[in-house]
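Student: Sharing a structure below in structure tokens format, with a few things to ask.
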Amino acid sequence: MRCYYDLLGVPKNVESAELRKAYYKMSLQWHPDKNVSHSEDTTNIFQQIQEAYRVLSDPQERAWYDSHRAQILQSGGQKAQMGSAAGYEEERVDVFQYFTRSCFQGFDDGETGFYTVYRKVFQDITDEEVKAAEFANEYDSSPSEEDADLGARNGKGNLRSYPTFGSMESAYSEVVAPFYQFWEVFQTKKNYTWVEKYDVRCAESRAERRAMDCENRRLRNAAKKKRNEEIRQLVAFVKRRDKRVAAERERIQLAGEEAQARTKHLAKQARQRNAAQLAEAWNEELSFGGIAAQWQDVFEAELARLEAELDGASPRSNEVREAESPGVSADELEDVNSLYCLACDKTFASANAKANHESSKKHRKQVELLRQVLLEEQEVVKLKGHEYTENGADSDAKSSTSETDLVAGVASVKLTKRAKKAQRKRLKEAAKLNSVDLSDKQPVENKDPEECRTTDSGSTPGPQNPSSNQSRLPEAEAKSTISLACETCAADFPSRNQLFAHLKQTGHATLKPVALKNQTAKAKRTVRSKR
């Protein structure tokens, strides 16, 4: 059986007008009345021409013929009009026989070598696809978007230029990489119309035709998917055994390791260079007497202290160690004291650093807080008629004088909520500690019976006084007025811990002659008697 297009002598994309002219011409040429000598052959050919024109002139018949032309021509036209695949055998390469190591011998370009065998296999698949595409009439019309993408991916304008497998010596970037890039996403060009189950021309209704077409499309897609998976699995099998791919992978791995080693080496050099620059800058500071030189003595002293503690030496306060050190003069001690901030309990490296600190907002708040505490203590002493001992008065005078000098010139600063909360907390802790110290250190034999009765009567519950809550705060503030100075050597200390450590080491601890709590109670009794 001849193709209808070849029988009429027209191309596959012929228009209706050209088809009519070709049919008229062929009819005049092969009409039986004009060929009397060969009447039987002429009649047969003329009937085929009429059938060809009848099919190609109907759009639906022509579309169906174009999609089934391959099996119609191979089966000789028998049963093809019913949409059956009977009598048609697909021309396809059996790829399953190449999924084994026994199909080739050695990885070379010999007759039975790896590259020769699989180069021929993929060339046969390419010829099969090109032939199927020609039957499907894909190259007579404009390519689809999918074909354009595949052609651009291959760097080719024509899809018939399938990438070749190459040889053992083929370059990876020019041959091997494009080959696997194309074949790993292989899509067959066969339409697989021979697997259709129904002939849509025999449908009696539109709904039946749609159902037939849907089932036929499902069968075609399943056949295409199966063929695509077969080819892709073969490509994956070949790629895993391709020595060219293994060599490229090893080359990339070595390049990555070299880049990583080079990066580590450069990082090491950068760290060494930075360390050298820091050491040079430190030595330069030491030579010119900068900040590093000022702190070097502090670092060495701290290191010596830590070493002494590790050796088992008893801990000593900084003031006692400096006072007993034979190498430290009074001028040096005075310089250290001038760099010390009493309000913030900090020591600075230079006078400029201390000046910057004194101009800060945090320092001003701390000074204002300390000033208010001192003023409240003075008011409590004045209201309660409390008289300090001579040593205590001298110590308080020194403290008030130093604090007055410290807060001179400081502008009034409004305390924040956090500062007020810290102030109340300090007053409560000081009152608690003073009450404990006085109860432990007060001699029992110095109390007179009248004071004992007053104390006992003050501890018994009585009627609630509305102003009792207001009078408790001055009492707590009065309890907190404990001087942080040694009564024996008159040495001042910034904290209670350092004062207690000094008393423990030197044995300067003494008993206070008068208890603050008893004096407060006696003062209250005196005021009441005067009224």
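Student: Looking at (1) surrounded by 16 or more Cβ atoms within 10 Å (Cβ to Cβ); (2) at pLDDT below 90, can you tell me which one Ala152 breaks?
Tutor: Unmet for Ala152, out of (1) surrounded by 16 or more Cβ atoms within 10 Å (Cβ to Cβ); (2) at pLDDT below 90: (1).
Student: While we're on this one: Of all residues in the stretch 108-141 being of a type in the set (A, V, I, L, M, F, W, C) and modelled with pLDDT of 90 or more, which is farthest from Ser167 (Cα to Cα)?
Tutor: So, considering only residues that are of a type in the set (A, V, I, L, M, F, W, C) and modelled with pLDDT of 90 or more, the one farthest from Ser167 (Cα to Cα) is Ile125.
Student: Test of understanding: among Val381, Val336, Val373, which residue is under 18 Å from Leu484 (Cα atoms), in a helix (DSSP H, G or I) and modelled with pLDDT under 75?
Tutor: Going through Val381, Val336, Val373 in turn, just one is under 18 Å from Leu484 (Cα atoms), in a helix (DSSP H, G or I) and modelled with pLDDT under 75: Val381.
Student: If you check Val36 against the conditions, is it closer than 15 Å to Asp66 by Cα and not hydroxyl-bearing (Ser, Thr, Tyr)?
Tutor: When the stated conditions are applied, Val36 does not pass them.
Student: Looking for something buried (at least 16 other Cβ atoms within 10 Å of the Cβ), touching a Gly at 6+ places or on another chain (Cβ under 8 Å) and under 20 Å from Tyr65 (Cα atoms) - is there at least one such residue anywhere in the stretch 208-215? It would help to see each step written out before you state the result.
Tutor: Here is the first cut: in the stretch 208-215, the residues buried (at least 16 other Cβ atoms within 10 Å of the Cβ) are 212.
With the extra rule that they be touching a Gly at 6+ places or on another chain (Cβ under 8 Å), the set shrinks to none.
No - not one qualifying residue is present in the stretch 208-215.
Student: When only residues in the stretch 15-33 that are of a type outside the set (Ser, Thr, Tyr) and crowded, with 16+ Cβ neighbours inside 10 Å count, which is farthest from Trp64 (Cα to Cα)?
Tutor: Looking at the filtered set, the residue picked out is Pro32.
Student: Here's something else I'd like to know. Name the single residue, out of those in the stretch 222-273 being among the polar types (S, T, N, Q) and either under 30 Å from Val117 (Cβ atoms) or assigned by TED's automatic domain parsing to the domain that holds Arg101 (or both), that is farthest from the chain's Cα centre (by Cα). Reasoning before the result, please.
Tutor: Within the stretch 222-273, the first condition is being among the polar types (S, T, N, Q), and the residues that meet it are 228, 233, 253, 260, 263, 269, 272.
Still in the list and also either under 30 Å from Val117 (Cβ atoms) or assigned by TED's automatic domain parsing to the domain that holds Arg101 (or both): 228, 233, 253.
Numbers: Asn228: 40, Gln233: 38, Gln253: 26 Å.
Once the filter is applied, the top-ranked residue is Asn228.
Student: Follow-up question, since we're still on this one. From Glu208, Glu204, Glu215, Glu230, grab the single residue that is outside any helix (DSSP H, G or I) and not β-branched (Val, Ile, Thr).
Tutor: The match here is Glu204.
Student: Could you run through the stretch 10-56 and say how many residues are among the aliphatic types (A, V, I, L, M) and either farther than 23 Å from Leu73 by Cβ or touching an Asp or Glu at 6+ places or on another chain (Cβ under 7 Å) (or both)?
Tutor: Within the stretch 10-56, the first condition is being among the aliphatic types (A, V, I, L, M), and the residues that meet it are 10, 14, 17, 19, 22, 26, 28, 36, 45, 49, 52, 55-56.
From what's left, either farther than 23 Å from Leu73 by Cβ or touching an Asp or Glu at 6+ places or on another chain (Cβ under 7 Å) (or both): 10, 17, 28, 36, 55.
Total satisfying the criteria: 5.
Student: Assess whether Arg251 counts as being at pLDDT 75 or above, touching a Ser or Thr at 6+ places or on another chain (Cβ under 8 Å), surrounded by 10 or more Cβ atoms within 10 Å (Cβ to Cβ) and in a helix (DSSP H, G or I). Before you say what the answer is, go through the steps one by one.
Tutor: Details: at pLDDT 75 or above: yes; touching a Ser or Thr at 6+ places or on another chain (Cβ under 8 Å): no; surrounded by 10 or more Cβ atoms within 10 Å (Cβ to Cβ): yes; in a helix (DSSP H, G or I): yes.
It is false that Arg251 is at pLDDT 75 or above, touching a Ser or Thr at 6+ places or on another chain (Cβ under 8 Å), surrounded by 10 or more Cβ atoms within 10 Å (Cβ to Cβ) and in a helix (DSSP H, G or I).
Student: Could you tell me whether the stretch 71-78 includes any residue that is at pLDDT 80 or above, loosely packed, with under 14 Cβ neighbours inside 10 Å and outside any helix (DSSP H, G or I)?
Tutor: Keep residues of the stretch 71-78 that are at pLDDT 80 or above, which gives none.
Looking for residues that are at pLDDT 80 or above, loosely packed, with under 14 Cβ neighbours inside 10 Å and outside any helix (DSSP H, G or I), one finds none in the stretch 71-78, hence no.
Student: Being modelled with pLDDT of 80 or more and out of contact with any Leu (no Cβ under 6 Å at 6 or more places or on another chain) is the filter here; which residues of the stretch 83-97 pass it?
Tutor: So the first thing to find is which residues in the stretch 83-97 are modelled with pLDDT of 80 or more, and the list is 92-97.
Correct list: Arg92, Val93, Asp94, Phe96, Gln97.
Student: Select from the stretch 162-185 the residues that are in a loop (DSSP other than H, G, I, E, B) and more than 21 Å from Glu111 (Cβ to Cβ) and write down the one among them that is farthest from the chain's Cα centre (by Cα).
Tutor: Tyr162
Student: Show the residue pairs meeting these rules: Cβ distance below 8 Å; 6+ apart or different chains; first residue within the stretch 231-249 and among the aromatic types (Phe, Trp, Tyr); second residue surrounded by 13 or more Cβ atoms within 10 Å (Cβ to Cβ) and in a helix (DSSP H, G or I).
Tutor: Every condition considered, the pairs that remain are Phe237/Tyr98.
The values are calculated or read from the model by the stated rules, or taken from the named source; none is laboratory data. Here the structure is a predicted model, which means the values were calculated and not measured. Because the Cβ atoms are built from the backbone with ideal geometry, glycine has one as well, and the counts that use them run over all protein chains shown.
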